[in-house]
Amino acid sequence: MIRQFGWRDYDAVTRVWEAAGREVVPRAELEAKLARDPELFLVAETGRRIAGVVMGAYDGRRGWILRLAVHPDHRRQGIATRLVAELEARFVRLGCPRVNLLVLPDNESGLRFWQELGYLPCPDVLCTKPMRGAVSEG
């Protein structure tokens, strides 16, 4: 079952991120994210356990897919695909015309996954700048 994240899920979501080798998003950062578009932070349950998670964001112009992760014990079962499909449906309901995401250059299987879902690589250059004094510098 795919559903919206609730704070009762936080510990289970952190376990998924850790098992998947992903950085854990601090609570304070999530509080800021959830104040904006809580309906775009989704979890996948198998039985009573959180098996996957995806965080989306929409700024009124572009949607972003962030932090897709599936616990290694639950991979190759279509969970990531279902999470993305539900997130895309929610973007459509918001009127979002385009969705972006980032894939690390050495993540060949990740790039293949996204391309199978219709996402095309772009030659854009990512620039980033940590903002001092913000909620999180991660």
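The table that follows gives values for the structure above.
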| item | result |
| --- | --- |
| Sole residue being touching a residue at least 60 places away in the same chain (Cβ under 8 Å), within 12 Å of the chain's Cα centre (by Cα) and surrounded by 12 or more Cβ atoms within 10 Å (Cβ to Cβ), chosen from Leu40, Leu83, Leu68 | Leu83 |
| Residue among Gly52, Gly47 that is farther than 13 Å from Asp9 by Cβ and not hydrophobic (A, V, I, L, M, F, W, C) | Gly47 |
| Selection from the stretch 3-26 of residues that are more than 23 Å from Asn107 (Cβ to Cβ) and either of a type in the set (Val, Ile, Thr) or touching a residue at least 12 places away in the same chain (Cβ under 8 Å) (or both) | Arg3, Gln4, Phe5, Asp9, Tyr10, Ala12, Pro26 |
| Enumeration of residues in the stretch 17-37 that are outside any loop (DSSP other than H, G, I, E, B), open to solvent by less than 70 Å² (accessible area, probe 1.4 Å) and not charged (D, E, K, R) | Trp17, Ala19, Ala28, Leu30, Ala32, Leu34 |
| Qualifying positions in the stretch 46-56 - open to solvent by 10 Å² or more (accessible area, probe 1.4 Å) and at pLDDT 95 or above | Ile50, Met55 |
| Number of the exception - Ala89 against (1) open to solvent by less than 90 Å² (accessible area, probe 1.4 Å); (2) under 22 Å from Val25 (Cα atoms); (3) not in a loop (DSSP other than H, G, I, E, B) | (2) |
| Scope the stretch 47-60; condition free of Cβ contacts under 8 Å to residues at least 40 places away in the same chain and over 21 Å from Trp114 (Cα atoms); matching residues | Gly47, Arg48, Arg49, Asp59, Gly60 |
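The values are calculated or read from the model by the stated rules, or taken from the named source; none is laboratory data. This one's a predicted model, so the numbers in the text were calculated from it and none came from an experiment. Cβ atoms come from the backbone with ideal geometry, glycine included; neighbour counts cover every protein chain shown. In case anyone asks, the SASA skips ligands and DNA or RNA and just uses the protein heavy atoms, side chains included. Shrake-Rupley method; radii C 1.70, N 1.55, O 1.52, S 1.80 Å.
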